[in-house]
There are 8 protein chains.
Amino acid sequence: MTTPSTPQAPTPKVGVVMGSRSDFETMQGALDLLAQLNIPYEVRVLSAHRTPHLLTSYAARAERLNLSCIIAGAGGAAHLPGMLAAFTRVPVLGVPVQSRALSGQDSLLSIVQMPAGVPVATFAIGQAGAKNAALFAAALLATTDDAVRAALDEFRATQTQAVLDDPHFDGHPQAGAQ
Amino acid sequence: MTTPSTPQAPTPKVGVVMGSRSDFETMQGALDLLAQLNIPYEVRVLSAHRTPHLLTSYAARAERLNLSCIIAGAGGAAHLPGMLAAFTRVPVLGVPVQSRALSGQDSLLSIVQMPAGVPVATFAIGQAGAKNAALFAAALLATTDDAVRAALDEFRATQTQAVLDDPHFDGHPQAGAQ
Amino acid sequence: MTTPSTPQAPTPKVGVVMGSRSDFETMQGALDLLAQLNIPYEVRVLSAHRTPHLLTSYAARAERLNLSCIIAGAGGAAHLPGMLAAFTRVPVLGVPVQSRALSGQDSLLSIVQMPAGVPVATFAIGQAGAKNAALFAAALLATTDDAVRAALDEFRATQTQAVLDDPHFDGHPQAGAQ
Amino acid sequence: MTTPSTPQAPTPKVGVVMGSRSDFETMQGALDLLAQLNIPYEVRVLSAHRTPHLLTSYAARAERLNLSCIIAGAGGAAHLPGMLAAFTRVPVLGVPVQSRALSGQDSLLSIVQMPAGVPVATFAIGQAGAKNAALFAAALLATTDDAVRAALDEFRATQTQAVLDDPHFDGHPQAGAQ
Amino acid sequence: MTTPSTPQAPTPKVGVVMGSRSDFETMQGALDLLAQLNIPYEVRVLSAHRTPHLLTSYAARAERLNLSCIIAGAGGAAHLPGMLAAFTRVPVLGVPVQSRALSGQDSLLSIVQMPAGVPVATFAIGQAGAKNAALFAAALLATTDDAVRAALDEFRATQTQAVLDDPHFDGHPQAGAQ
Amino acid sequence: MTTPSTPQAPTPKVGVVMGSRSDFETMQGALDLLAQLNIPYEVRVLSAHRTPHLLTSYAARAERLNLSCIIAGAGGAAHLPGMLAAFTRVPVLGVPVQSRALSGQDSLLSIVQMPAGVPVATFAIGQAGAKNAALFAAALLATTDDAVRAALDEFRATQTQAVLDDPHFDGHPQAGAQ
Amino acid sequence: MTTPSTPQAPTPKVGVVMGSRSDFETMQGALDLLAQLNIPYEVRVLSAHRTPHLLTSYAARAERLNLSCIIAGAGGAAHLPGMLAAFTRVPVLGVPVQSRALSGQDSLLSIVQMPAGVPVATFAIGQAGAKNAALFAAALLATTDDAVRAALDEFRATQTQAVLDDPHFDGHPQAGAQ
Amino acid sequence: MTTPSTPQAPTPKVGVVMGSRSDFETMQGALDLLAQLNIPYEVRVLSAHRTPHLLTSYAARAERLNLSCIIAGAGGAAHLPGMLAAFTRVPVLGVPVQSRALSGQDSLLSIVQMPAGVPVATFAIGQAGAKNAALFAAALLATTDDAVRAALDEFRATQTQAVLDDPHFDGHPQAGAQ
């Protein structure tokens, strides 16, 4: 279904799927971080409910491409991550998309409460979860890929330094009342 | 979608009722789908609390018209679906309308947690639930009505194809990092 | 997988499936009522997560047998009802099994909050839901099957009479204080 | 349906109804207090779902008997209090019975979240709510009935004194560490 | 604290209090209905937490004025209704104001979950609850006040007729698909 | 109300109150720790709802005794901590007692969601919260009382060491698979 | 409110920390009140997750400065207050910041549900909690600092008077219906 | 702190930690599966709150041992998984232990709702989550370890076959009514 636009496109190491186009804004957080960490990925819409027959083919593709993991975002009765995990041993990272009525509480429970036997690694509701799924994917790769490890270490060091360098309170006296 | 009544108006096969005018925006999702699938329906406001005496008359009407089902939407302490189900064996499909303070959690529990003996088939909070109630009504009819079955099969095929044809990611490189 | 034990076994009209053996106690409520209403059914364990490849085959079987509906019970991140509904237009009735930690709140949301396009008719958490799914299946059949309609009407009349006949308060003075 | 066993039974001032025999244990809390406060009452099972036609007749009876209020207990999708309030202006006091799966959260929301126009006065989940409904009924009567007012005042004084007299900590040193 | 502006102002029959000025928008729903039903009332801000000493004085005032009930609205950890009920036998009707973070779930539980012994009649979160508290106050008065009963009966008949007269669906054919 | 049994009883530094005798089992966790840390305390039942007039007298007593803080435990619509905080500036530590139907969720929200202006320091539901309230009281005293500081430091060191010394895994091979 | 540091800046008595710059708007409520009550404080961003090594150093600083307490605000999986409490006996006041998806329910539970042994005094979700943490800090200081006690007493008296003086209802007739 | 009992003990590939001895029953589910899949692991109690200084040392140990991941179980305000993730890039798998009052809802939110920047892969509440964390750890190892992959594949095949072989319904007639 997806044909690399150019021969030199790197083989993806992470697959990012989402249940609906409307999940894209959330999942962008994962895509941005993967790109920032220079981790090749592929992305597509894959609906557990509207395209259930693609579950097996994508699971097979993930094994064929030897993906290190699949990041799957979905909302409401979010079955995509769990069903992919049912069809493949490739690790699945689930991102609960914030739903309209229940703010993602339904998405979270539908993803995280998997019965014993088929695991889905679940992250926070919404874009924070999407970003953390990408960082977790990087951490998985970092165990065997020095470049990813270096990129991840730099990312973590940078975000730590950003707190330390916070200019906000620097110019201000720390003691409040005079 | 609705045009003035004429003698040849088809006998409705589905009754759509709602507890309040303010539920109309939600229930429009059901009406649109029923029209799209060419299923004759009737629609009215019917309040379990403000017009309780209409419950028996509408239940009788549903049996007289031999409706295949009643789609009933209501919010908050949503008693309309359950009370209709109490008065008639005609299958009742309940749609929890998203309420203001509790986002439909009250509507959902008031509809779905029926005690044993009087069932209400419940769908998702809000317009997704209204749409799915209509699709479920179509599925009921499809078991004996070839035209509805064909329309429903086409609807499902179309929504599947819409995911497959998703143009969104086509123009973008599918592999993320270069 | 299931071969009728004897040729004269009636063709099932309702399929009852559950995600795990541990759901049986809950689903017994449906089986008992189907039997009481003389509705032929078949029953099996079918795990969306542990036997995902059976989803398509059971969906095909349901269409081949022309089942009037499938009653599917599951708990936790309960994907079975929704995934069956993804694979077939045969109406799916979902029963949220009461889960250990969250008392079925996860089961309920995982089943009822289906996105627009693929409906699952959802019933109450636990055995009340299982019973009501069976009664709803009977109501579906009753629209075209006189015997089921008569059995259902009798069931409803009986349970109404049981309340009217309640002997409990008869021996007690109905007026409290003397 | 209920015929006073003896002519001299006092006319009930409060009607106590419940959706199911299984609610009796909870509602006993109300009956005991009404008896203790010497308020005549009648009690019966009245199911909104299994005996819906009784709603109108009981509402008419409540007006005919000039009941000061109706105490209605129900669990799950608890429609009894709200439907009675729909059929009569007689004040309805709702008691959410603790349900099995959701501990009465469904009962509470189904009773308290009534839409504007038809009020139900709601009390706590379970027997505490049943007792308080009885005390509230007494408070209503107390505005015009001196005997009830005296009984209620005595009840309140007694329960206050019971705290003041609490013997528990008397034998223990009140200062902890020596 | 409140001195009637003119001698001829009628003695209030209902006291409306609220925990904060910010609750006024919600409680306006009660005031409007009381005025519409011609029930004299008084209104004031009375904070359980910021003016706790007023609790006893207002409770005494309520008894002195022989108020038929107190309508008390509050949000968050809403202690006002329960504390008034602790200080007086005058019936207290609690209105949970919709809070910012938790949408009134905290207000509702803080008001409705009173322990056995001190009842607060609780209504829905927000303005629906405020309106219903006023209607319930009217229903209490209606048991002994013919004018209020007539006004309440008219109000209920009017709201029923408003549903029956709903012009929305009248001009439209009730059968949807052609 | 409480008169020290002997003249040499130390002046209490912490007041422990609870809304009901039934809260004692929970609050025992606080009493035991205060005793262990050698902090003099007094304890009594004080019901915001059944003995509201005691609120002012206990608040006055707390100021007169110069208590460093009041630990107040209550369940359900738990108003005791907040009302004490309304009547005195003495710091109030609230302990939500686990309630029957809602497991203390009502207690927690009724205590912690205080509006701006009157603070209650809230701890975990149940005995863990009671223990931590006592430890927090000790921490408050420790800022000016060397003996309490030493006792608290020892307590913390001991509980740290207990983890380090955990004998449980010592006899077992720490590496799992052989 | 805060002006450049000068040698005579008073030693802070309260430390205010927050997990992220985005928490500042919430915590401003605490800073304003501390300034109003003339309590010297310091403020900084301190992320349990992004700058975990600062936890020990800030805990040591709090003890070195002999802070009377630390006010710590955080959202989502809010670990900052609990981890500071793990590293120091200095009392920690936790403020749950309102999170995006779950409105601070996650923040609240992550802060308040500390296990026995390490207490965090928790306040309401959002700015009300921040303000109350500051008032509680003042109450702690007030036990030994006359100036703070006077400032706090004045603050409380003023907010009480503000309710009493409420001009809102003055221009309106207090009795509703004429 | 842990010294392998014998030189030939295999270097652990997975670290299993838990916040308290009382979490052991839950985490046993992970240990059993790791042993069954022949994955060397080490296990210890490590309390974020009672032994916070061990967080850095265990994080360093995990990096030194080149653990493929850390499985961390904790309950209530469960900070252990998130704090370990703060201190090391080694992937952390969090298991929410079912807590007493809130059934693990607090544990779940405290673990899964990590802010962007520091991920924790979260699994279901209780033993199902512990088992799935172990299976997920196996899946991580399986990407580079053929023996683990074979063991995991066999495990998954076996659990699938167990459903297919389910003897339960075999002896029963599969068609219900005769």
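May I ask which residue of E:His79, E:Val14, E:Leu102 lies farthest towards the positive end of the charge dipole of chain E, with charges of +1 (Lys, Arg) and -1 (Asp, Glu) on Cβ and the Cα centre as origin?
Final value for the positive-end residue is E:His79.
Computed FRET efficiency, Cβ-Cβ of H:Glu63 and C:Arg21, R0 56 Å: what is it to the nearest 0.05? Kindly include the intermediate steps, with their values, before the conclusion.
Numbers: r = 43 Å, r/R0 = 0.76.
The value I calculate is 0.85.
How many nm is it between the label spots at F:Ala147 and C:Thr144, if each spot is 7 Å from the Cα in line with the beta carbon?
8.7
Listed here are the pairs B:Lys131/E:Lys131; C:Lys13/C:Lys131; F:Lys131/G:Lys13; which of them are more than 23 Å apart at the Cα? Could the numbers behind the result be given before it?
Working: B:Lys131/E:Lys131 32 Å; C:Lys13/C:Lys131 16 Å; F:Lys131/G:Lys13 26 Å.
B:Lys131/E:Lys131; F:Lys131/G:Lys13, as the Cα separations exceed 23 Å there.
Estimate for me the total accessible surface buried between chains G and H (protein heavy atoms, probe 1.4 Å, no ligands or nucleic acids), in Å² to the nearest 100.
Looking at G and H, the buried total is near 1900 Å².
Could you calculate, for the protein assembly as shown, the ratio of the Cα radius of gyration to the Kirkwood radius, expressed as Rg to Rh?
Details: Rg = 32.1 Å, Rh = 33.0 Å.
Ratio value, two decimals: 0.97.
Over all residues in D:78-89, what is the mean tally of Cβ atoms on other chains that come within 10 Å of each residue's Cβ?
Working: counts 7, 13, 1, 2, 9, 8, 1, 6, 12, 3, 3, 11.
Mean shielding by partner chains, rounded to a whole number: 6.
Note down the net charge around H:Ile70, summing +1 for each Lys or Arg and -1 for each Asp or Glu among other residues with Cβ under 14 Å from its Cβ.
Residues near H:Ile70 contribute +3 overall.
Can you show me the helix-derived [θ] at 222 nm for chain H, built from DSSP H runs with n ≥ 4 at -39,500 (n - 2.57) apiece and divided by the number of residues, rounded to the nearest 500.
Value at 222 nm, helices only, nearest 500: -13500 deg cm²/dmol.
Choose one of F:Ala124, F:Gln159, F:Ala139: the residue whose Cα lies farthest towards the positive end of the charge dipole of the stretch F:14-162 (beta-carbon charges +1 Lys, Arg; -1 Asp, Glu; about the Cα centre).
F:Ala124
Carbon and sulfur atoms: what percent of the 1.4 Å accessible area of the protein assembly as shown do they account for?
Working: 24000 of 48000 Å².
Solvent-exposed carbon and sulfur of the protein assembly as shown make up 50 percent of the total.
Among the residues of chain F, which one places its Cβ closest to the rotation axis that maps chain F onto chain C, and what is that distance in whole Å?
Residue of F nearest the axis onto C, distance in Å: F:Ser103, 5.
Semi-axes, largest first, in whole Å: what does sqrt of 5 times each Cα gyration tensor eigenvalue give for the stretch A:48-115?
Each semi-axis is the square root of five times an eigenvalue, giving 22, 12, 9 Å.
Over the Cα atoms of the stretch C:14-162, what Rg and Dmax result, in angstrom?
14.6, 46
Probe of 1.4 angstrom, ligands and nucleic acids ignored: what's the accessible area per residue over the stretch B:1-83, in square angstrom?
36
Please give the average number of partner chain Cβ atoms lying within 10 Å of the Cβ of each residue in E:94-100, rounded to a whole number.
Mean partner shielding for this stretch: 4.
Per residue of G:138-150, how many C-beta atoms from partner chains lie within 10 Å of its own C-beta, taken as a mean?
3
Name the residue, out of G:Gly75, G:Gly129, G:Gly117, whose mean-square fluctuation peaks in a Gaussian network model built on chain G with Cα pairs under 10 Å.
G:Gly117
If you average the C-alpha positions of the stretch E:33-67 and of the stretch A:110-154 separately, how far apart do those two centres end up, in angstrom?
Computed from Cα coordinates, the inter-centre distance equals 57 Å.
With angles folded into 0 to 90 degrees, how steeply does helix H:53-64 sit against the dominant principal axis of chain H? Use alpha carbons for both and round to 10.
Value to nearest ten degrees: 70.
Quote the relative contact order of chain H in percent (integer), defining contacts as alpha-carbon pairs under 8 Å separated by 6+ residues.
For chain H, the relative contact order is 20 percent.
In debye, nearest 20: dipole of chain C around its Cα centre with unit charges on the Cβ of K, R (+) and D, E (-)?
Values: 11 positive and 13 negative charges, 159 e Å.
My answer is approximately 760 debye.
Hey, can you rank C:52-60, H:76-84 by average C-beta count inside 10 Å, highest first?
Values: C:52-60: 19.0, H:76-84: 30.8.
Listed from highest to lowest mean packing, they are H:76-84, C:52-60.
Please give, to one decimal in nm, the separation of the simple spin-label points placed at C:Gln36 and C:Ala162, each 7 Å out from Cα toward the Cβ.
Reported label-point gap for C:Gln36 and C:Ala162 is 0.5 nm.
Which order do you get for G:Asp32, B:Asp146 if you rank them by accessible area with a 1.4 Å probe, largest at the top? Each step should come with its number before you reach the end.
On the way: G:Asp32 70, B:Asp146 105 Å².
Ranked list, largest accessible area first: B:Asp146, G:Asp32.
Of the beta bridges DSSP finds with both residues in the protein assembly as shown, what % are antiparallel, to the nearest 5?
Roughly 5 percent of the DSSP beta bridges within the protein assembly as shown come out antiparallel.
The values are calculated or read from the model by the stated rules, or taken from the named source; none is laboratory data. Note that the coordinates shown come from a computational prediction; the quantities given were computed from them, not determined experimentally. FYI the Cβ positions are ideal-geometry reconstructions off the backbone, even for glycines, and counts take in every protein chain you see. The protein model used for the area step is the full one, side chains on, heavy atoms only, and it has no ligands, DNA or RNA in it. Shrake-Rupley method; radii C 1.70, N 1.55, O 1.52, S 1.80 Å.
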